Amino acid sequence: MDGAGEVRSFFSITMPLLRPILGLVLIITVIGSFQVFDTVSVTTAGGPVDASRVLQYYIYDMAFGQFDFGYASALSVALLVILMVVTFLQYRVTRAGQSDLN
């Protein structure tokens, strides 16, 4: 790496060594972004004309507001599958399971 600039050193040395941690942080952040039910429920309950209604609040409303537990369960399973697919794709794209230490 003789003669490499700061940018080249960052992308050739620092980023590959940080890949596993960055992958984990990205996955946790995306999963955390789906945990907004409490904020929406307490502040706006879906908001004016459903402006701030999120999928989690919709599932809750279907189950406990309209007593359609089967549909709400199906939506919950679909949400789980979506989160699993997004997590798997992020894990593969960022190659979080690999490290360049070897």
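A short reminder: the numbers here are calculations on the coordinates, not readings from a lab. In this text, all values refer to a predicted model and were calculated from it rather than measured experimentally. Don't worry about glycine lacking a Cβ; one is built from the backbone with ideal geometry, like all the others, and counts go over all protein chains shown.
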> In debye, nearest 20: dipole of the chain around its Cα centre with unit charges on the Cβ of K, R (+) and D, E (-)?
Replying inline: 260
>> Below 8 Å between Cα atoms, with a sequence gap of 6+, how large is the relative contact order for the chain in percent?
In response: 38
> Relative to the longest principal Cα axis of the chain, at what angle does helix 69-93 sit, 0 to 90 degrees, rounded to 10?
Replying inline: 10
> Going toward the positive end of the dipole of the chain, with +1 on Lys and Arg Cβ and -1 on Asp and Glu Cβ, which of THR29, PHE64, VAL85 do you reach last?
Replying inline: VAL85
>> If you take P(r) over Cα pairs in 5 Å bins from 0, in percent from the coordinates, which of [x] 2, 12, 23, 23, 18, 11, 7, 4, 1, 0; [y] 2, 12, 18, 21, 19, 13, 8, 5, 1, 0; [z] 2, 11, 15, 14, 13, 10, 9, 7, 7, 5, 3, 2, 1, 0 do you get?
In response: [z]
